[in-house]
């Protein structure tokens, strides 16, 4: 690849990122409101419900993952990044699950 | 190479393979390693928790949920000001950039202050890292997270000074974006920790 091709590829990358940026300003305050409501809901589930413990745990985990996804997708802009960045960002997740599951099996 | 002028991006040339500038790629790789670091801590906690579920304290029995819920909200607010600082910088809003970077540093320091208050209350009641598995896992996880917030606050203070000196003006917002990724990651980890350590 000569320098001219490299230049075109580089400026193309700038254009791709600039294009992504055009869509990279979601309603941050709406995301913030969702995060606040979900945090309040988590506390309410623990304190004000008579649900079985297993249901409470499932509900809490769903809300925690929901909140984490809101932060990752909108505040960290993963939703607007090229697919390869999202793949890079999520690459440790299977390893993390594998680590916990493996040690859990060994523990039992 | 001779005879062809290459554009200068001030060290922020996009990585052509990912169509993203190199500092951002570097931060994402670092955050991947951080995911594994916190997975080790959280995974250990989960395993120990299930192994001793009969003797493990119930939510709110020792830890103060209302104060921590408010602190969680505080950290969420700091993520909003962080992303608003980046957005302001990207749009060339100098005043907004300065205001929101300052707000992020102050709110982050507030989170740390509340955590120090929580620690002092717990230690005052005799609950410390020596208080069995529960105490050691609690202080290890929240302590490491607090250390990450502390590093973030130091960086945000530096970023605030830089913003007031015009360091993020004229489209030079990449540093703020990379710092923001770190800050949001710390927020994300706390969201998981709050649920697993305080509520379950």
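The values are calculated or read from the model by the stated rules, or taken from the named source; none is laboratory data. None of these values were measured; they are calculated from a predicted model. Here Cβ is always computed from backbone atoms with ideal geometry, including for glycine, and neighbour counts include all displayed protein chains.
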- Residues of region B:49-72 satisfying the condition of being surrounded by 16 or more Cβ atoms within 10 Å (Cβ to Cβ) and within 10 Å of another protein chain (Cβ to nearest Cβ): B:59, B:65, B:68, B:69, B:72
- Task: Scan region B:134-160 residue by residue and report those that are buried (at least 19 other Cβ atoms within 10 Å of the Cβ) and over 14 Å from residue B:187 (Cβ atoms).
- Result: B:134, B:137, B:138, B:139, B:141, B:142, B:159, B:160
- Query: Among the residues of region B:98-128, which ones are surrounded by fewer than 18 Cβ atoms within 10 Å (Cβ to Cβ) and farther than 22 Å from residue B:187 by Cα?
  - Reply: B:120, B:121, B:123, B:124, B:125, B:126, B:128
- What about residue B:11, is it loosely packed, with under 14 Cβ neighbours inside 10 Å, within 30 Å of residue A:91 (Cβ to Cβ) and at pLDDT below 85? yes
- Query: What are the residues in region B:167-192 that are in contact with a helix residue (DSSP H, G or I) (Cβ under 7 Å, 6 or more places away or on another chain) and not in a helix (DSSP H, G or I), if any?
  - Reply: B:168, B:169, B:173
- Task: Output the residues belonging to region A:57-73 that are within 8 Å of chain B (Cβ to nearest Cβ) and either buried (at least 16 other Cβ atoms within 10 Å of the Cβ) or under 9 Å from the mean Cα position of the chain (by Cα) (or both).
- Result: A:57, A:60, A:63, A:64, A:67, A:68, A:71, A:72
- Task: Give the number of residues within region A:74-87 that are surrounded by fewer than 19 Cβ atoms within 10 Å (Cβ to Cβ) and either at the interface with chain B (Cβ under 8 Å from one of its Cβ atoms) or under 17 Å from residue B:75 (Cα atoms) (or both).
- Result: 2
- Query: In region A:88-108, what count of residues is obtained for those that are within 7 Å of chain B (Cβ to nearest Cβ), free of Cβ contacts under 8 Å to residues at least 12 places away in the same chain, more than 27 Å from residue B:51 (Cβ to Cβ) and in a helix (DSSP H, G or I)?
  - Reply: 1
- Task: Could you tell me which numbered condition residue A:25 fails, if it satisfies all but one of (1) modelled with pLDDT of 90 or more; (2) at the interface with another protein chain (Cβ under 9 Å from one of its Cβ atoms)?
- Result: (1)
- Task: Read through the list (1) within 29 Å of residue A:56 (Cα to Cα); (2) away from chain A (no Cβ under 14 Å); (3) free of Cβ contacts under 8 Å to residues at least 40 places away in the same chain; (4) assigned to a helix (DSSP H, G or I), then give the number of the only condition that residue B:195 fails.
- Result: (2)
